[in-house]
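First comes the structure, then the notes that go with it.
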Amino acid sequence: MLVVQKYGGTSVATTEKIISIAKRILAIRNKGHKVVVVVSAIGHTTDDLLALANNVNSQPSGREISMLLSTGEQVSVALLAMALHELGCPAISFTGMQVGIVTNAAYTNAKILRINTGRIRKELSKGKVVIVAGFQGVNLRNDITTLGRGGSNLTAVGLAAVLKAQACEMNTDVDGVYTADPRIVPGAKKLDRISYEEMLELYSLGVQVLQPRSVQFAQKYNVPIHVRSSFSQKDGTLITKEVKTMEKEVISGVTATKNEAKICIRGVPDRPGIAARIFNDIARKNINVDMIVQNVGEDGLADISFTIIAVDLIRTMETVEKIRRELKAEKVEADSDIAKISVVGVGMRSHSGVAAKMFRTLAQSRVNIEMISTSEIKISCLVRKHLADKAVRAIHRSFKLGKK
Ligand code: ADP
Ligand code: ASP
Ligand code: MG
């Protein structure tokens with residue numbers, strides 16, 4: 001059996017942990033399995049490297065960022081290989097470039113175009129554990145690229161798909177996907193199983209266990225993902241395509257996203273083409289817009305509010321300010337003191353009253369709702385940031401998501 005295992009930054013945070021993971025890998029290999037391991041950079045290395053970059057340049061180029069960040073994973077793969085050698089286990093480490101993880105040119109948010117499996121298969125057939133640096137690839141010009149934050153998951157799913165692995169294990173510091181972030185809701189319950197679709201919604205909402213692109217990739221190639229603890233043998237959460245029994249639970253999880261900001265353009269002319277103009281310019285800058293609300297005011301003027309990721313705030317404000325001048329809109333306001341609370345579940349397709357219950361719970365907790373957005377399997381409400389955790393706990397309780 002061929003297994004792809006990914007170990008996140010927290011799982012390789014210390015050399016002791018690297019050694020214990022090496023032992024875990026060896027045990028699997030000794031059962032006769034072929035093992036491909038993907039590793040993230042040690043602990044907070046990626047953040048530390050980013051801080052270094054920002055010390056020398058306020059807007060470092062994507063090419064150099066990827067050059068810098070990719071070193072983090074290079075350290076951990078080498079150390080893991082050495083730790084395996086120490087245990088007498090044949091192992092070999094590779095950078096993304098070496099195995100041939102070919103990506104497009106979007107330096108810091110690259111998409112995988114193809115993965116060459118030749119070298120990996122060759123080393124596996126020699127009985128070696130193959131260790132691949134997560135989060136990195138190479139573009140067609142032979143420059144190093146990175147796959148976006150949390151991108152090691154994408155590397156793992158990509159490898160599992162092309163190698164047709166039986167399993168893609170995401171080993172992390174939690175033992176599965178929970179109904180809410182266990183750090184915020186102590187009574188949160190581990191889910192045995194969840195659909196790709198729910199996982200995708202959950203991610204975009206702050207359940208940062210798995211990067212969404214990795215889940216989309218897994219969904220496309222139908223690779224089941226097993227999220228589990230690096231430090232225990234217990235089964236974690238299986239992420240698969242939707243099965244009938246999943247609908248029994250109306251809600252799978254509740255989340256709070258605190259990294260967004262709200263922009264409001266006031267006094268915009270209320271005529272066709274204006275929204276298209278605004279969001280076109282923003283999209284052209286590769287800025288993702290999340291919630292959008294338009295209120296029609298007086299005298300043919302409207303207010304348009306929308307949310308974006310807070311790190312894009314300055315760039316977005318520049319773009320929006322330019323549009324404001326051109327459209328002669330009244331003013332632009334930015335607000336980072338917000339959080340988005342969401343409930344997610346495929347069961348919403350067949351159950352009604354979820355939104356009403358969520359709004360009622362927020363009202364009872366005296367949390368004001370500033371914006372609302374919904375999808376088929378999700379309802380989100382924008383609230384003041386300092387009320388976010390309280391809101392999550394209240395909703396978690398009212399939907400009875402906790403441990404029995
Ligand atoms: P890794 O370093 O293994 O990539 P991450 O830190 O990226 O791990 O992701 C795991 C973290 O996701 C956990 O430590 C946990 O705090 C967080 N998390 C947030 N929401 C949830 C949830 N609903 N279920 C499980 N973990 C969650
Ligand atoms: N080291 C990278 C990050 O911190 C990639 C990963 O951990 O998956 O985002
Ligand atoms: Mg991660």
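The values are calculated or read from the model by the stated rules, or taken from the named source; none is laboratory data. Fair warning: this is a prediction, and the values are worked out from it, not measured in the lab. Don't worry about glycine lacking a Cβ; one is built from the backbone with ideal geometry, like all the others, and counts go over all protein chains shown.
You will find that of GLU123, GLU64, GLU73, GLU86, the residue that is among the acidic types (Asp, Glu) and within 16 Å of ligand 1 (Cβ to nearest atom) is GLU73 and no other. Quick check: is even one residue across the stretch 247-254 more than 30 Å from LEU327 (Cα to Cα), away from ligand 1 (no atom under 16 Å from the Cβ) and in contact with a Ser or Thr (Cβ under 7 Å, 6 or more places away or on another chain)? Scanning the stretch 247-254 turns up at least one residue that is more than 30 Å from LEU327 (Cα to Cα), away from ligand 1 (no atom under 16 Å from the Cβ) and in contact with a Ser or Thr (Cβ under 7 Å, 6 or more places away or on another chain).
Inspect the stretch 257-265 for any residue being touching a strand residue (DSSP E or B) at 6+ places or on another chain (Cβ under 7 Å), within 17 Å of VAL177 (Cα to Cα) and more than 16 Å from ligand 2 (Cβ to nearest atom) and give the result as yes or no. There is at least one residue in the stretch 257-265 that is touching a strand residue (DSSP E or B) at 6+ places or on another chain (Cβ under 7 Å), within 17 Å of VAL177 (Cα to Cα) and more than 16 Å from ligand 2 (Cβ to nearest atom).
Any residue that is within 14 Å of ligand 2 (Cβ to nearest atom), of a type in the set (A, V, I, L, M) and touching a Phe, Trp or Tyr at 6+ places or on another chain (Cβ under 8 Å) - is there at least one of those in the stretch 153-166? The answer is yes; a qualifying residue exists. Of all the listed residues (SER40, SER76), the sole one being within 25 Å of PRO224 (Cβ to Cβ), small (Gly, Ala, Ser), at pLDDT 95 or above and within 23 Å of the chain's Cα centre (by Cα) is SER40.
Scan the stretch 5-32 for residues that are within 10 Å of ligand 1 (Cβ to nearest atom) and either small (Gly, Ala, Ser) or more than 28 Å from the chain's Cα centre (by Cα) (or both) and the total you get is 4. Across the stretch 58-68, the number of residues qualifying as without any contact (Cβ under 8 Å) to a residue 24 or more places away in the chain and either outside any loop (DSSP other than H, G, I, E, B) or in contact with a helix residue (DSSP H, G or I) (Cβ under 8 Å, 6 or more places away or on another chain) (or both) comes to 3.
Please enumerate the residues belonging to the stretch 69-89 that are out of contact with any strand residue (DSSP E or B) (no Cβ under 7 Å at 6 or more places or on another chain) and not in a helix (DSSP H, G or I). If the condition is that a residue be out of contact with any strand residue (DSSP E or B) (no Cβ under 7 Å at 6 or more places or on another chain) and not in a helix (DSSP H, G or I), then LEU87, GLY88 are the ones that fit. Does PHE94 satisfy the condition of being hydrophobic (A, V, I, L, M, F, W, C) and at positive phi? Against the criterion (hydrophobic (A, V, I, L, M, F, W, C) and at positive phi), PHE94 does not qualify. In summary, THR108 fulfils each of the numbered conditions (1) buried (at least 20 other Cβ atoms within 10 Å of the Cβ); (2) touching a Ser or Thr at 6+ places or on another chain (Cβ under 7 Å); (3) of a type outside the set (A, V, I, L, M, F, W, C) with the single exception of condition (1).
The number of residues in the stretch 139-152 that are in contact (Cβ under 8 Å) with a residue 40 or more places away in the chain, more than 9 Å from ligand 2 (Cβ to nearest atom) and farther than 13 Å from GLU64 by Cα comes to 1. How many residues are crowded, with 16+ Cβ neighbours inside 10 Å and either of a type in the set (Lys, Arg) or closer than 30 Å to ILE21 by Cβ (or both) when one looks only at the stretch 259-289? Within the stretch 259-289, residues that are crowded, with 16+ Cβ neighbours inside 10 Å and either of a type in the set (Lys, Arg) or closer than 30 Å to ILE21 by Cβ (or both) number 2. Looking across the stretch 344-366, just one residue is touching a Lys or Arg at 6+ places or on another chain (Cβ under 7 Å) and surrounded by 20 or more Cβ atoms within 10 Å (Cβ to Cβ), and that is VAL344. The residues of the stretch 207-261 that are more than 30 Å from MET371 (Cα to Cα) and part of a loop (DSSP other than H, G, I, E, B), listed by number, are ASN222, VAL223, PRO224, SER230, PHE231, SER232, GLN233, LYS234, ASP235, GLY236, LYS241, VAL243. Considering only residues that are of a type outside the set (D, E, K, R), without any contact (Cβ under 8 Å) to a residue 40 or more places away in the chain and within 14 Å of ligand 1 (Cβ to nearest atom), which ones fall in the stretch 33-49? Answer for the stretch 33-49, where residues must be of a type outside the set (D, E, K, R), without any contact (Cβ under 8 Å) to a residue 40 or more places away in the chain and within 14 Å of ligand 1 (Cβ to nearest atom): ILE42, GLY43, HIS44, THR45. Every test in (1) assigned to a helix (DSSP H, G or I); (2) touching a helix residue (DSSP H, G or I) at 6+ places or on another chain (Cβ under 6 Å); (3) within 16 Å of ligand 2 (Cβ to nearest atom); (4) of a type outside the set (Asp, Glu) is passed by VAL38 save one, and that test is (1). Scan the stretch 228-275 for residues that are of a type in the set (A, V, I, L, M), farther than 25 Å from SER398 by Cα and more than 20 Å from the chain's Cα centre (by Cα) and the total you get is 6.
Taken over the stretch 316-359, the criterion of being over 18 Å from ARG397 (Cβ atoms), among the small types (Gly, Ala, Ser) and touching a Cys at 6+ places or on another chain (Cβ under 9 Å) is satisfied by ALA334 alone.
Among the residues of the stretch 158-203, those that are in contact (Cβ under 8 Å) with a residue 40 or more places away in the chain, within 30 Å of SER373 (Cα to Cα) and within 16 Å of ligand 3 (Cβ to nearest atom) comprise VAL174, GLY176, VAL177, TYR178, ASP181, MET199, LEU202.
Scanning the stretch 1-21 for residues that are within 16 Å of ligand 3 (Cβ to nearest atom) and either β-branched (Val, Ile, Thr) or surrounded by fewer than 16 Cβ atoms within 10 Å (Cβ to Cβ) (or both) gives VAL4, THR10, VAL12, ILE21.
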